[in-house]
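Encoded as structure tokens, the structure appears first; notes follow it.
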Amino acid sequence: MRLLIIVLTLLLAVALLGFVLTNLDARTDELTVWKTTYQDVRLYWVVFVSVLVGVIYTGIIGVGQGVQMWVANRRLTREIEKLETELNYLRTQPAIRPAAGEAAEEREAEIESRVAQSADPADAAPPPSAPVYGADDDEYPDDDVYSGGRAV
């Protein structure tokens, strides 16, 4: 994008210079801006001031859009920080156990009976109730699990 802006700016400067060189002696008889009238003004000054006003106007619009984008990015950054804080909080909470009662006791008994009936000890382990971090976590040595960095 910057290359396009540079090329367009250079083209505008070359066009303005070409106009000035071909119209050095051209003058306007009378130029009225609002209620003020100017006599015998060189034509290239009229064009130069018009281009300058256009550049300033475009710059003001660009600054306004930049500020608007900065405000939106700041709002989204704050929202991301809140969500990461909530995610880290939820990651560090203990596993939730089923509520006490007959249904919970029946589920626990069923799980224990399946574990006891299983022949392979690897199949006997109940499913993990919290995130499991493997040995390959050394791939990102500066990544803290609870910092909200890499997703787990």
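Assorted remarks:
- Residue satisfying condition, being touching a residue at least 60 places away in the same chain (Cβ under 8 Å), in a helix (DSSP H, G or I) and either of a type in the set (Asp, Glu) or surrounded by 11 or more Cβ atoms within 10 Å (Cβ to Cβ) (or both), within set Thr85, Thr9: Thr85
- Candidates Val41, Val46: the one that is in a helix (DSSP H, G or I) and either touching a residue at least 40 places away in the same chain (Cβ under 8 Å) or under 28 Å from Val14 (Cα atoms) (or both) is Val46.
- Test: residue in segment 31-54 that is of a type in the set (D, E, K, R), surrounded by 10 or more Cβ atoms within 10 Å (Cβ to Cβ) and more than 36 Å from the chain's Cα centre (by Cα): yes
- Checked against the criterion of being modelled with pLDDT of 90 or more, part of a helix (DSSP H, G or I) and loosely packed, with under 11 Cβ neighbours inside 10 Å, segment 13-22 contains one or more residues that satisfy it.
- Qualifying positions in segment 49-66 - of a type in the set (S, T, N, Q) and over 28 Å from Leu31 (Cα atoms): Gln65
The values are calculated or read from the model by the stated rules, or taken from the named source; none is laboratory data. Keep in mind the model is a prediction, meaning the values are calculated, not measured. Cβ sites come from the backbone with ideal geometry, for glycine too, and all protein chains shown count toward neighbours.
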